[in-house]
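Working notes, structure below.
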2 protein chains.
Amino acid sequence: VKACGLVVEYNPFHHGHIHHIQSARKVSDADCIVAIMSGSFLQRGEPAIMDKFHRTRAALRAGADLVLELPYIYAVQSSALFAKGAVRSLHEIGVQSLCFGSELGRIDPFIQTVEILQSTQTTYDTIVKAYLDKGLSYPQASERAYHAVGIDDIDMTQPNNILGLSYVQAMKQAQLPIEALTIKRIHNHYHDDAIHTAIASATSIRKELLLNGLTNRAKQSLPKSTAEELLQYAHLANQWHHWEAYFPFLHYKVMTMDTQQLATIHGVDEGLEHRLIQTSKKATSFYDWINRMKTKRYTQTRLQRMFVHILTNTTKTDVHQAISQATVPYLRLLGMNTTGREFLHKQKKQLNVPIVTNRKKNIPASFELDERATNVYYSILTPDRQQSLRKQEFTGPIIINDSTSEAW
Amino acid sequence: VKACGLVVEYNPFHHGHIHHIQSARKVSDADCIVAIMSGSFLQRGEPAIMDKFHRTRAALRAGADLVLELPYIYAVQSSALFAKGAVRSLHEIGVQSLCFGSELGRIDPFIQTVEILQSTQTTYDTIVKAYLDKGLSYPQASERAYHAVGIDDIDMTQPNNILGLSYVQAMKQAQLPIEALTIKRIHNHYHDDAIHTAIASATSIRKELLLNGLTNRAKQSLPKSTAEELLQYAHLANQWHHWEAYFPFLHYKVMTMDTQQLATIHGVDEGLEHRLIQTSKKATSFYDWINRMKTKRYTQTRLQRMFVHILTNTTKTDVHQAISQATVPYLRLLGMNTTGREFLHKQKKQLNVPIVTNRKKNIPASFELDERATNVYYSILTPDRQQSLRKQEFTGPIIINDSTSEAW
C-alpha cells in the first residue's frame, strides 16, 4: 500500500483542500492519503474555528483516508519546528511521499534551494542575525538573507512557499526517505479577505462564518460535509471559536503572573514579559492587545503563538523536553476510513512510536500538553458543554465508511 | 485623641454595624473609630459583594472615622492569622482599645480563656492534633479541645466568639498595649438566612441582594448610605460580586496547572491537589465543586479560602515571606472623615510602618499581592469597567465630611 502525507490544519476544510487531496493522489500514485493535522490551536497562534474531532470528520467525509493529530508542542511553533514535527510524524506512520501546495507549484526549486541553504548555512544565519539585531522581524530578515545567498527561484514572501521549503528542509535534515511533491495552489491569495470564487482561502471563509454565519456565500466555498460539521459543532458548543472569546481568560492569567513567572512561558523572550504587564493594563480586547504589543521585530503571528502558550501555561521547559527527543513522542489517531484502516493495520507491526487512540490507556506523559490545550480550547463554553465535548478525547478514533465520502 | 479599633468586613455595611460603632464609641470613650477592613476577598474565602472603595464610603457615611485595608495576606486566612494582622495593624496606627461584637457580650471570659489557653497550650495542641488525625475538621477538633482543657465559659461554636478570642489571644501574644472590649451582638444568628428584623445578618442581606436585588426587604436592613453605594457600584460594575461569577476563571486556572504547580499554592495541602484535578473534571459550578471537594476534614470555609488563593495565584512562599515579618508591612489608608484625618495627622510622626495612600508612590513590595487580588476581583467585569474601577487604586484616599454621616 502506498501512502502520501499532507500537512494540514483544515480550518475549515474547503474546496481547495479537496483539490489538494485529489491532486496528491494523482501525483503520488498513492492508495492512502494521510493527513497530519494541528489540533486545538494552530500554527499562526489561533484557536481552530471548530474542534479537531469535527474537522477530522469533515476531512474524512471529503476524501482523506487517515487523520493524525500534530502534537501541540509542534503545532504552535515557527515553521521550522512545525515542519519537523509534521514530517517526522508522517515518516513514523510510513508514508512514501509528502505533497504540499505551494504558490510556485514545481518541486525542483525547493530541492535546489535546500541544497544551497545547506552549503551556505553559516552565511545565511549570520545575515539573518544581523538583520534581527537591526530590529527586523524574522520573516523580513530571512527573506533578505535568502537573496543574499543567491536564492531567487522561489518567492519567499509567499507563506506556502515558506512552509513547503520547511518540509523539504526538515526531511533533508533528518534524512527521511520521503519523496517531496508539490502542486500549485489554485485558490485565492492566503490572506485574501474576500470570497470571490468557489475556491476561497480559509481566512476569508472564517471571516464570513464568524461575522455572518453559515451564509450562502460561505457555503459556496465549502463541501456540504464541512457545512454539516460546522452546524453540528455549533449545535454542541453553541459557538465557533475565535481569539476574542479567550481574551478574558488570557487577561486574567497575565494579571495574576509576575514578570518572573511570565518569563518561564515559551515565547516570552527578550523582556516581552515587561511589555506584557504594561500593556495588560490598557488592553480592552485581544486584537487591541496585539496592536499594543506589536513592533517591527515581533510579528502578529509570533505574538499570537506566545499568547497561546500563556493561555495553555506551556513553559520553556515543557517545549525543551519535548523537542529534544529524536522523534515525535506518539501518533495520535483522530480518524480513518476503510482505506486508512487497512493501511494502519499493515503498518502497525513496524511502528517505532506508540499509537494513541484515546485518552484512556497507555498515554505518554507528553500527551498531557495536548489534553491541556484541548481543555483550554473548550474553556469558553458552558460547563456542561465543555464536559460533553471533552468526552470525545476518551472515545476511540472516528471511523467512517468510504461510501460516505463525497466528490466536489 | 483616643481611638478605638474595630475589625470589620462590612459586606455590606448594615444596621448591626452602626450599633457596633455607636456602642464601641460608648464603651471605649474614644473620639476616633478606626476600622481595619478586609479588601477584595474576605476571611471566609469569598469575594466582597462590592469593592473596598464603595464599602469604605458606606462605612464613613455611617459613622466610621478612619478605614484601613487589612492586607490580603492576612485577610484570607484562618482566624488566628486574620486576627494577628488585624490587631497589629490597629496597634501600628495607635488605637488604645479594640471593641468586637460577640455572642457572649462580656470581656472577662475571653481574657480568662486566653490565660487558661496559655498555661494549657501543649495539652490543647495535642488534643487538637489527635482529633484532626481522626479526620475531624479544625473547628470540631478545637471545640473538643477547649472543653478538654476546661474552657466552658464561652460557647466556642459561635463564630464571633471564636474571632473575638483570636483578637484577645493575638494581642496577648504580641503583648500589645490595647484594651479588649466587647459588646453583645444584637442581630440574627450569623448564618441565619432569613431577614427578620431591621438588624439582619450580612449573610441574609447578601442573599436577598444577589437573588432579588435591592428590594424593600434588603433596604430595611441597610442604612440609606449603603443602599446608595450598592446602587452606585452596580452602576459602575454592572453587577455585584459572588463566587459563581469567578467559576470559569477558577476552573480554567486549575485545568492549566499540574499537581506540582497546584501544591505550591497556599492552602493546597495534604494531597488536595489530586482531589482538585479529579473534581475539576466533573464540577459544573463553584458550589458544585465545593460539594465535590468537601469532607469532614475540610470545611467549606477552608476550601473557599484555598480557592481564593488559587484564583489569585498566591503561593506558600508569598504567604511565608509576608507573615514571617515582625509586624504588618504597611497601613493602606482607604478613607477618613475630619475626625479620622486629625487623628492620623497626630499619629503620623510616630508610625513605624509606611502609610500607603494609593498605588502611585513608595509601594512596599508585598503590596503587589493586594493589587493582584483587586485586579482578579474586577476580572469578571467588561474590560472598560475593569479599567475605570482599577483607577481607584491610583487616586488618594476617600475623604468625606463628617456632616454627611447619618444616624440610624
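Numerical summary
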quantity	calculated
A:LYS26 free of Cβ contacts under 8 Å to residues at least 24 places away in the same chain and surrounded by fewer than 24 Cβ atoms within 10 Å (Cβ to Cβ)	yes
Entirely in segment A:44-95, the helices (runs of 4 or more DSSP H) that have 3 or more residues that are hydrophobic (A, V, I, L, M, F, W, C) and in contact with a helix residue (DSSP H, G or I) (Cβ under 8 Å, 6 or more places away or on another chain)	A:52-61, A:79-93
Matching helices (runs of 4 or more DSSP H) fully within segment B:212-255 where at least 3 residues are touching a residue at least 24 places away in the same chain (Cβ under 8 Å) and under 21 Å from the mean Cα position of the chain (by Cα)	B:224-237
Odd one out for A:PRO397 among (1) touching a strand residue (DSSP E or B) at 6+ places or on another chain (Cβ under 8 Å); (2) over 22 Å from A:LEU42 (Cβ atoms)	(2)
All positions within segment A:104-163 that are closer than 21 Å to A:VAL27 by Cβ and among the aromatic types (Phe, Trp, Tyr)	A:PHE110
Residue within segment B:329-343 that is of a type in the set (S, T, N, Q), within 14 Å of another protein chain (Cβ to nearest Cβ) and in contact (Cβ under 8 Å) with a residue 12 or more places away in the chain present	no
Checklist (1) more than 21 Å from A:PHE367 (Cβ to Cβ); (2) within 12 Å of chain A (Cβ to nearest Cβ); (3) not in a loop (DSSP other than H, G, I, E, B) applied to B:MET306, failing item	(2)
Residue tally, condition touching a residue at least 60 places away in the same chain (Cβ under 8 Å) and within 20 Å of B:LEU66 (Cβ to Cβ), over segment B:349-366	4
Among the candidates A:GLN350, A:GLN300, residue that is surrounded by fewer than 18 Cβ atoms within 10 Å (Cβ to Cβ) and under 17 Å from the mean Cα position of the chain (by Cα)	A:GLN300
Residue check for A:THR279: in contact with a Lys or Arg (Cβ under 6 Å, 6 or more places away or on another chain), part of a helix (DSSP H, G or I) and hydroxyl-bearing (Ser, Thr, Tyr)	yes
Residue within segment B:146-161 that is surrounded by fewer than 23 Cβ atoms within 10 Å (Cβ to Cβ), part of a helix (DSSP H, G or I) and in contact with a helix residue (DSSP H, G or I) (Cβ under 7 Å, 6 or more places away or on another chain) present	yes
In segment B:3-19, residue surrounded by the most Cβ atoms within 10 Å (Cβ to Cβ) [restricted to those that are more than 16 Å from B:THR56 (Cβ to Cβ) and at pLDDT 95 or above]	B:CYS4
Residue satisfying all of: in segment A:211-228; among the hydrophobic types (A, V, I, L, M, F, W, C) and crowded, with 21+ Cβ neighbours inside 10 Å; farthest from the other protein chains (Cβ to nearest Cβ) among these	A:LEU222
Members of segment B:58-68 found to be of a type outside the set (Gly, Ala, Ser) and buried (at least 24 other Cβ atoms within 10 Å of the Cβ), listed by number	B:LEU60, B:ASP65, B:LEU66, B:VAL67, B:LEU68
Within segment A:229-275, tally of residues that are within 14 Å of chain B (Cβ to nearest Cβ), among the hydrophobic types (A, V, I, L, M, F, W, C) and out of contact with any strand residue (DSSP E or B) (no Cβ under 9 Å at 6 or more places or on another chain)	6
Where B:THR312 falls short, out of the listed (1) within 14 Å of chain A (Cβ to nearest Cβ); (2) surrounded by fewer than 21 Cβ atoms within 10 Å (Cβ to Cβ)	(2)
Residue, nearest to B:ILE93 (Cα to Cα), within segment B:354-379, restricted to residues that are surrounded by fewer than 17 Cβ atoms within 10 Å (Cβ to Cβ) and β-branched (Val, Ile, Thr)	B:THR357
Total residues in segment B:280-303, condition within 12 Å of chain A (Cβ to nearest Cβ), of a type outside the set (A, V, I, L, M, F, W, C) and touching a Pro at 6+ places or on another chain (Cβ under 9 Å)	3
Looking only at segment A:176-199, and only at residues there that are among the hydrophobic types (A, V, I, L, M, F, W, C) and modelled with pLDDT under 65, the one that is nearest to A:LYS2 (Cα to Cα)	A:ILE195
Residue list for segment B:368-401, restricted to those being more than 9 Å from chain A (Cβ to nearest Cβ), without any contact (Cβ under 8 Å) to a residue 60 or more places away in the chain and assigned to a helix (DSSP H, G or I)	B:GLU371, B:LYS391, B:GLU393, B:PHE394
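Conditions (1) assigned to a helix (DSSP H, G or I); (2) hydroxyl-bearing (Ser, Thr, Tyr), marked per residue:
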{"residue": "A:HIS274", "(1), (2)": "yes, no"}
{"residue": "A:THR295", "(1), (2)": "no, yes"}
{"residue": "A:THR317", "(1), (2)": "yes, yes"}
{"residue": "A:LEU333", "(1), (2)": "no, no"}
{"residue": "A:ARG341", "(1), (2)": "yes, no"}
{"residue": "A:ASN362", "(1), (2)": "no, no"}
{"residue": "A:ALA365", "(1), (2)": "no, no"}
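The values are calculated or read from the model by the stated rules, or taken from the named source; none is laboratory data. Just so you know, these numbers come straight off a predicted model, no measurement behind them. Neighbour counts run over all protein chains shown; Cβ positions are idealised from the backbone, glycine included.
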